[in-house]
């Protein structure tokens, strides 16, 4: 099966790009990566912020985000390469035009079944956003979302046929098993209680809620360190500079937290990020509003088996259900302080959260997620060829790949332990 992918892509520092790369690797782990590579092409969407990205060989064309003609050329390249299926990673902000409408110029011209992964589903879309979702959905043979809330929105707000929609959760790394004590020593977390937040900084991240909660916690537990890891979001940086980071630093000084709070301005490799999470005691996502349908950062924390406290945005409500994490109200630093104190006073609760998260994380490792995408792709291709047959316009014979139950439902991690889907 030949795959074409559309999305941002490394070395561009973007969450969608990381997702696309991981998805390709996970599909390759099911096929055998050497077998997949000749049957793989990537259309990379370039943000125009840097013009010197050194893309890997699988990137066959680079679309300049705001150049409409590039989208048309990309469609011709995908068709020329005769991909069997095209997978689009969709996020409004990564494509050109109003709300990323330029992507329709590409998608409308491709001549193979399309699968769309919606990384964002907006509850109250603008007319343009609604148009984009509806047009992509009409063209798509399958739509993938990562939460049940997203399915509800697609059905009730966008009137998408339910049979088109598949829920496949955000994948998490299945890499090496880190030794917690060594990781804690590496990051100078030994003999400390490490609180951690990571991701691109912007006003909606709510880091100030944690800073306001810490003085209450420090009255009883003084051996705390809070690490905030991540660059400022590129779009925020271009419009507002480091205003938000500087505001947070002023709060650190105001509350006398200089010895306890550390900001690391960096975009770290995935392996290092997982090592940080392994070393962390409590991971915090203090986002300020509920309208986040998918959070890769939260998925990674659960995948690493980290105890999590979060505000109840949509993805957190689902992912942290059944004892996988603890929720606190938006912008409520008093409540956050109380919940942190409860955990720190009862270390066994932290251990239970870690164990529950780890058990769930084992079900959403990337190789298993890749297998699910392969299954959806095979279904889309089968449906497409059936339609072509009915039109009496059947192309060359096509044979769907066969998958054993082991490939679809389980994999062996580096510890040699078989993990069931």
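The values are calculated or read from the model by the stated rules, or taken from the named source; none is laboratory data. No experiment lies behind these values; they were computed from the predicted model shown. Note that we place each Cβ from the backbone using ideal geometry, even for glycine, and neighbour counts take in every protein chain shown.
Brief remarks follow.
- Flag for residue 239 being at pLDDT below 95, more than 16 Å from residue 286 (Cα to Cα) and assigned to a helix (DSSP H, G or I): yes
- Test result for residue 391, exposed (fewer than 11 other Cβ atoms within 10 Å of the Cβ), at pLDDT below 90 and over 20 Å from the mean Cα position of the chain (by Cα): yes
- The condition of being part of a helix (DSSP H, G or I), without any contact (Cβ under 8 Å) to a residue 24 or more places away in the chain and surrounded by fewer than 22 Cβ atoms within 10 Å (Cβ to Cβ) holds for only one of 259, 339, 253, that being 253.
- Meets criteria (in contact with a strand residue (DSSP E or B) (Cβ under 9 Å, 6 or more places away or on another chain) and either part of a helix (DSSP H, G or I) or modelled with pLDDT of 95 or more (or both)) for residue 272: no
- The helices (runs of 4 or more DSSP H) found entirely in region 31-132 that carry 3 or more residues being assigned by TED's automatic domain parsing to the domain that holds residue 148, touching a residue at least 12 places away in the same chain (Cβ under 8 Å) and buried (at least 21 other Cβ atoms within 10 Å of the Cβ) are 68-80, 103-107.
- No other residue among 300, 287, 283, 313 is within 14 Å of the chain's Cα centre (by Cα) and under 22 Å from residue 360 (Cβ atoms) apart from 300.
- A single member of 322, 342, 329, 338 is touching a helix residue (DSSP H, G or I) at 6+ places or on another chain (Cβ under 9 Å) and at pLDDT below 95, and it is 322.
- Within region 185-201, being under 24 Å from residue 328 (Cα atoms), more than 17 Å from the chain's Cα centre (by Cα) and either crowded, with 19+ Cβ neighbours inside 10 Å or not assigned by TED's automatic domain parsing to the domain that holds residue 235 (or both) holds for 193, 194, 195, 196.
- Selection count, region 194-209, where residues are touching a helix residue (DSSP H, G or I) at 6+ places or on another chain (Cβ under 7 Å) and at pLDDT 95 or above: 6
- The condition of being in contact (Cβ under 8 Å) with a residue 12 or more places away in the chain and over 25 Å from residue 21 (Cβ atoms) holds for only one of 325, 296, that being 325.
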